[in-house]
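What follows is a single structure, written as structure tokens, with notes after it.
Since every read-out is calculated from the coordinates, none of them should be taken as a lab result. Keep in mind it's a predicted model, so treat the numbers as computed, not measured. Glycine gets a Cβ as well: all are built from the backbone with ideal geometry, and neighbour counts include every protein chain shown.
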Amino acid sequence: SKIPIGSPVRTQAIVNRYFVKAKKNLGQNFLVDQNAILGIVAAAGIEADDQVIEIGPGIGSLTEQLLLAGAKVFAYEVDDSLPPILQTELPQKINGVSLADRFKLILKDVLKADFKADIGDFFDFSKPIKVVANLPYYITTPIIFALAESDLHFASLTLMMQKEVAERLEAKPGTKAFGPLTIAVQTQMQVKLALTVSHNSFMPRPKVDSSVVVLTPLTDKPAISNREHFNWVVKMCFSQRRKTLNNNLKTLVPDKDERKQLLQCLGIDGHLRPEDLTIAQFIEIAKEIPAK
Ligand code: SAM
């Protein structure tokens, strides 16, 4: 049998055969490190017959290992030169089952996905669906928001992203990385850092290292009735990160006395910087600010 797609030799052979040019504007950095690839599959806890959505399969290095681990894979890709390569290079039979029964690709921007409609005739919605991806870095945050807010309730999201973004996802209050992204995600999911991957593991090499993060829905989500409003209030509180909360609140609550009363009533010190508040305190603040 062939050596894995994610080995440097095989990737190079595919690049030569199909004249593949990694497209920078699509965030194409192909994984060429079998340890990292298997690390992602392990972090996602893939078992036989798991239903997996993959975002951006590229030339299939991760897709191949997901399939070999027994998963059924539905992939979103935007580069129309890739599907013929994937169809040829991915294993044609997996444990006696044909590739067509285990793998389906849709040429579509994942940010325009209608998961239920797209996947309907391939996946069984009564069973868990996992997302696994080596994300295109130019749209990491919008993708995380789209997945977190999707009406499909994913069992887990195992996502590779820039190390800096992963640090923001798992940040604790009182640290520089703590901010609106941290709060938007941690109010919905548990964040676990699974592994760090060197920039040397990619072709072409990005400037920075990457991390794989596993996000799982919180069983006990804090009550936030209006997400959009909540995210907006948090964003306003962080509009000038180095200024005090009192200062940042000026746009939301222009009246000085009202502001003082609000903070007093919530028992929050207005001299704190936004990063020093807890997530629970942001939830309290948002409740007191009327929706736009
Ligand atoms: N999974 C492959 C790997 O690990 O080697 C490729 C990962 S590469 C970092 C990101 C992939 O996402 C590319 O194949 C790129 O074409 C694709 N992509 C970029 N923008 C996308 C979008 N809006 N929707 C879906 N896929 C996208």
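Some values worked out for this structure:
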read-out	value
Glu288, Glu54 arranged by Cβ crowding within 10 Å, fewest neighbours leading	Glu288, Glu54
Estimated [θ] at 222 nm from DSSP helical runs (n ≥ 4, -39500 (n - 2.57)) normalised by residues in the chain, nearest 500	-9500 deg cm²/dmol
Max mean-square fluctuation residue, GNM over the chain, Cα-Cα springs under 10 Å, options Asn200, Asn248, Asn95	Asn95
Förster radius 45 Å - calculated FRET efficiency between Asp255 and Val208, Cβ distance, rounded to 0.05	0.55
Folded to 0 to 90 degrees: helix 8-18 orientation relative to the chain principal axis, Cα	80 degrees
Environment charge of Met236, counting only residues whose C-beta is closer than 11 Å and scoring Lys/Arg +1, Asp/Glu -1	+3
Charged-residue dipole, Cβ positions (Lys, Arg, Asp, Glu), region 1-80 about Cα centre, Debye nearest 20	460 debye
Measure of compaction for region 1-118 (Cα Rg per 2.2 N^0.38 Å)	1.01
Sequence-distant residues sharing a close amide H with Val197 (under 5 Å, placed H)	Ser210, Ser211, Val212
Nearest-0.05 FRET efficiency for Asn25 and Lys235, computed from C-beta distance (R0 41 Å)	0.90
Cα extents of the chain along the three principal axes, largest first (Å)	73, 41, 28
All aspartates and glutamates inside 20 Å of Lys207 as judged from Cα atoms, apart from same-chain residues fewer than 8 positions distant	Asp33, Glu164, Glu167
Helix 34-43 axis, angle to the chain major axis (alpha carbon atoms, nearest 10°)	50 degrees
Cross-link partners of Lys256 among lysines (Cα-Cα below 29 Å; sequence separation of 8 or more within a chain)	Lys176, Lys235, Lys243, Lys287, Lys292
Three-way shape label, region 153-213, alpha-carbon gyration tensor, a/c 1.5	oblate
Segment Lys243-Ile106, length gained on full extension (0.36 nm per residue, minus Cα span)	44.7 nm
For region 159-258, diffusion coefficient by Stokes-Einstein and Kirkwood Rh (Cα), 25 °C, 0.890 mPa s, µm²/s	158 µm²/s
